[in-house]
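K.L.:
After the structure tokens below, expect a handful of questions from me.
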Amino acid sequence: MSPYTETPVEILTQASAAWGIVSAPQGPAYETGVIIVTGGLQYRVGAHRQSVLLARQLAAAGFTTLRFDLAGLGDATGDVFDFETLGPQLTAALEALTTQHGTVKRVVLWGLCDGASAALLHWRTTTDPRIYAVGECAAHRGIAYGLVAPLFEQGKVLATHLAEFGIGRYQ
């Protein structure tokens, strides 16, 4: 028997109608859920099925997880939006997850590449208390990183160079 269930969920905005898949634990679930925000022109499955695999692993660990199509991609209607304007779709996804799964009281917005940027921008422009955290990921030289730490390191190298304190190197 699988440690999780998967059910479709409809996500509606003024600009589109989209579908998502909620992966939910069979047993007890944490009050924190996860919304996976795909990057680029990917639909809810993600490149190489990474969103599917991540959602299932999180659900098996007790976290209710939603992966969904952004407008104009996969099974969603409407036009494709730039990552800077995905806020209404993220709000609708959050509403769908918390409404249909009452155990979810707060969420982590997790994104890859443009999805991470969209999650961060949305978090910075909303006051929704249900957004508990934002996660992000990028790969560099074959190693997966959160985006923030490498960007800080790259920023230090740039600042050192611009301030003419010598030449730094990002490694």
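The values are calculated or read from the model by the stated rules, or taken from the named source; none is laboratory data. Since the structure is predicted, the reported quantities are computational estimates derived from the model, not experimental observations. FYI the Cβ positions are ideal-geometry reconstructions off the backbone, even for glycines, and counts take in every protein chain you see. In case anyone asks, the SASA skips ligands and DNA or RNA and just uses the protein heavy atoms, side chains included. Shrake-Rupley method; radii C 1.70, N 1.55, O 1.52, S 1.80 Å.
K.L.:
Can you find a residue that is part of a loop (DSSP other than H, G, I, E, B), at pLDDT 60 or above, hydroxyl-bearing (S, T, Y) and open to solvent by 40 Å² or more (accessible area, probe 1.4 Å) anywhere in region 127-142?
P.N.:
yes
K.L.:
Now a separate question. On the given criteria, is R56 modelled with pLDDT of 80 or more, charged (D, E, K, R) and closer than 24 Å to M1 by Cα?
P.N.:
Yes.
K.L.:
Restricting the search to region 11-33, which residues are closer than 22 Å to R130 by Cα, touching a Gly at 6+ places or on another chain (Cβ under 8 Å) and either of a type in the set (A, V, I, L, M, F, W, C) or part of a strand (DSSP E or B) (or both)?
P.N.:
I11, A18, W19, P25, A29
K.L.:
Okay, next question. Can you tell me which residue is modelled with the highest pLDDT among those in region 42-52 that are surrounded by fewer than 18 Cβ atoms within 10 Å (Cβ to Cβ) and under 14 Å from the mean Cα position of the chain (by Cα)?
P.N.:
Among residues in region 42-52 that are surrounded by fewer than 18 Cβ atoms within 10 Å (Cβ to Cβ) and under 14 Å from the mean Cα position of the chain (by Cα), the one modelled with the highest pLDDT is V52.
K.L.:
Next question, about the same structure. Tell me, which residue of region 53-106 that is charged (D, E, K, R), in a loop (DSSP other than H, G, I, E, B) and surrounded by fewer than 20 Cβ atoms within 10 Å (Cβ to Cβ) is farthest from the chain's Cα centre (by Cα)?
P.N.:
By that ranking, first place goes to D79.
K.L.:
Further question: Just to verify a result, which residue in region 1-13, among those that are surrounded by fewer than 21 Cβ atoms within 10 Å (Cβ to Cβ) and over 15 Å from L90 (Cα atoms), is modelled with the lowest pLDDT?
P.N.:
This residue is M1.
K.L.:
Related question: Out of the residues in region 14-34 that are crowded, with 19+ Cβ neighbours inside 10 Å and of a type in the set (S, T, N, Q), state the one that is modelled with the highest pLDDT.
P.N.:
S23
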